[in-house]
1. Residue under question is B:R110, and the condition is that it be open to solvent by less than 10 Å² (accessible area, probe 1.4 Å), under 30 Å from A:V42 (Cβ atoms), within 11 Å of chain A (Cβ to nearest Cβ) and not acidic (D, E); does it hold?
2. Of all residues in the range A:61-79, count the ones that are touching a helix residue (DSSP H, G or I) at 6+ places or on another chain (Cβ under 8 Å) and under 22 Å from A:L154 (Cα atoms).
3. Of all residues being more than 7 Å from chain B (Cβ to nearest Cβ) and open to solvent by less than 10 Å² (accessible area, probe 1.4 Å) in the range A:92-103, which is farthest from B:A81 (Cα to Cα)? Just the residue, please.
4. Just need a number here: residues in the range B:33-73 that are assigned to a helix (DSSP H, G or I) and out of contact with any Leu (no Cβ under 8 Å at 6 or more places or on another chain).
5. Looking only at the range B:141-162, count every residue that is surrounded by fewer than 18 Cβ atoms within 10 Å (Cβ to Cβ) and either within 7 Å of chain A (Cβ to nearest Cβ) or in contact (Cβ under 8 Å) with a residue 24 or more places away in the chain (or both) and tell me the total.
6. Mind listing whichever residues of the range A:163-179 are small (G, A, S), surrounded by 15 or more Cβ atoms within 10 Å (Cβ to Cβ) and farther than 9 Å from B:K180 by Cα?
There are 2 protein chains.
Amino acid sequence: MSERRGAAVPGLSGAREGAAPESALERAGGTVIFRDAVRGDVPAIVALLADDALGAGREAPVGAEGDLDDAYWSAFDQVQADPRNRVIVAAAGGRVVGTLQLTLIPGLSRHGMLRAQVEGVRVAASHRAQGLGHAMIEWAIAQARAAGCGLVQLTSDKQRPGAIRFYESLGFAATHEGLKLSLERRPS
Amino acid sequence: MSERRGAAVPGLSGAREGAAPESALERAGGTVIFRDAVRGDVPAIVALLADDALGAGREAPVGAEGDLDDAYWSAFDQVQADPRNRVIVAAAGGRVVGTLQLTLIPGLSRHGMLRAQVEGVRVAASHRAQGLGHAMIEWAIAQARAAGCGLVQLTSDKQRPGAIRFYESLGFAATHEGLKLSLERRPS
């Protein structure tokens, strides 16, 4: 029942293998490229995830003398090997200044509609309030549309009211409650 | 970059192939079995998705003279071929009386934590208010824990306040806004 079929998975793998997987955003401060993350980006992505009031307690970025936790590398390998998951970075001048994850979820609901989910959105402090987050989400929406999705969804912590208004300005509607149940002992 | 590695995907595929993929719930009205959906269950699952005030406008169950929309079959095949997605049914006396979808999402956030997402939860009108929904979600949580997840998440429409209280009674916290952006022309 769980046997993998030979058929290609429609969606993100196609986007990844397509002719133009990268996208460039011209900004006052220079060009920002949107592209799939590579393994060498992982420490910078984790640093971005941690550079946030809520993220600071959740992540363990590379310290002065430490290597990055193996769990990050393993998770990155799993994402990279999954045609329905992508970690994206926004790169400016060779530096990672933004990130998000895009997941395609097939399902029976709404006429067998494919949905896209956005997680882990972060913009570097140096690049906030300059339209980069807006461009990243618009880019993600375009990727979802190209993959055949009928819906883009995400959840946003109620402790970040600015973020919720930001998504509403992009056309998202806060129609749902986002419920979470932690299975970990450490604070989440 | 998108090349599939040979490594096995940890998670739901293991649960599917395990020795005891089914689970039985003894209830006053008889035994309810939780199992992975098979293709023959699809019409009954779609009928459940449609049997709901919000779902009625979104789905096209099999009518008196009609076959089920191809999109449902195609979506089911995609779920079934994906080791990180499962559609589950609760079956009582050979009849599908409940359904949910479980998706595993690998990602870098929270120390590379694997998360489980629940979508498309429905219980047949004949079996509501008898603890079946509660047992289904507890079963899903146990599956998520067995797959190594640190978090279970779902969104619930604000038009279903009873559902939100139901999830809170199971330990979920409504810490997030659930934001959706429809890419379709038909009402969602």
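The values are calculated or read from the model by the stated rules, or taken from the named source; none is laboratory data. The model shown is predicted, which means the values in this text are computed figures rather than measured ones. Don't worry about glycine lacking a Cβ; one is built from the backbone with ideal geometry, like all the others, and counts go over all protein chains shown. Please note that ligands, DNA and RNA were not included when accessible areas were found on the heavy atoms of the full protein model with its side chains. Shrake-Rupley method; radii C 1.70, N 1.55, O 1.52, S 1.80 Å.
1. Values: open to solvent by less than 10 Å² (accessible area, probe 1.4 Å): no; under 30 Å from A:V42 (Cβ atoms): yes; within 11 Å of chain A (Cβ to nearest Cβ): yes; not acidic (D, E): yes.
Considered against the rule, which asks whether it is open to solvent by less than 10 Å² (accessible area, probe 1.4 Å), under 30 Å from A:V42 (Cβ atoms), within 11 Å of chain A (Cβ to nearest Cβ) and not acidic (D, E), B:R110 comes out as no.
2. So the count comes out to 3.
3. Initial filter on the range A:92-103 (more than 7 Å from chain B (Cβ to nearest Cβ)): A:92-100, A:102.
Those left that are additionally open to solvent by less than 10 Å² (accessible area, probe 1.4 Å): A:97-100, A:102.
Working: A:V97: 35, A:G98: 32, A:T99: 29, A:L100: 26, A:L102: 20 Å.
Checked the range A:92-103; the qualifying residue farthest from B:A81 (Cα to Cα) is A:V97.
4. Pass one, the range B:33-73, residues assigned to a helix (DSSP H, G or I): B:39-50, B:70-73.
So of that shortlist, the ones also out of contact with any Leu (no Cβ under 8 Å at 6 or more places or on another chain) come out as B:39-41, B:44, B:47-48, B:50, B:70-71, B:73.
Number of matching residues: 10.
5. In the first step, residues of the range B:141-162 are kept if they are surrounded by fewer than 18 Cβ atoms within 10 Å (Cβ to Cβ); the result is B:142, B:145-146, B:148, B:157-162.
Retained after the next criterion (residues that are either within 7 Å of chain A (Cβ to nearest Cβ) or in contact (Cβ under 8 Å) with a residue 24 or more places away in the chain (or both)): B:145-146, B:148, B:157-160.
Qualifying residue count, the range B:141-162: 7.
6. Restricting attention to the range A:163-179, the residues satisfying the condition of being small (G, A, S) are A:163, A:169, A:171, A:173-174, A:178.
Now restrict to residues that are surrounded by 15 or more Cβ atoms within 10 Å (Cβ to Cβ): A:163, A:171, A:174, A:178.
If the condition is that a residue be small (G, A, S), surrounded by 15 or more Cβ atoms within 10 Å (Cβ to Cβ) and farther than 9 Å from B:K180 by Cα, then A:A163, A:G178 are the ones that fit.
Per-residue answers, yes or no, for (1) more than 9 Å from every other protein chain (Cβ to nearest Cβ); (2) touching a Cys at 6+ places or on another chain (Cβ under 9 Å); (3) within 24 Å of B:L132 (Cβ to Cβ); (4) open to solvent by 20 Å² or more (accessible area, probe 1.4 Å):
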{"position": "B:D36", "(1), (2), (3), (4)": "no, no, yes, no"}
{"position": "B:G40", "(1), (2), (3), (4)": "yes, no, yes, yes"}
{"position": "B:V46", "(1), (2), (3), (4)": "no, no, yes, no"}
{"position": "B:D52", "(1), (2), (3), (4)": "yes, no, yes, yes"}
{"position": "B:P61", "(1), (2), (3), (4)": "yes, no, yes, yes"}
{"position": "B:D69", "(1), (2), (3), (4)": "no, no, no, yes"}
{"position": "B:R86", "(1), (2), (3), (4)": "no, no, yes, no"}
{"position": "B:A90", "(1), (2), (3), (4)": "yes, no, yes, no"}
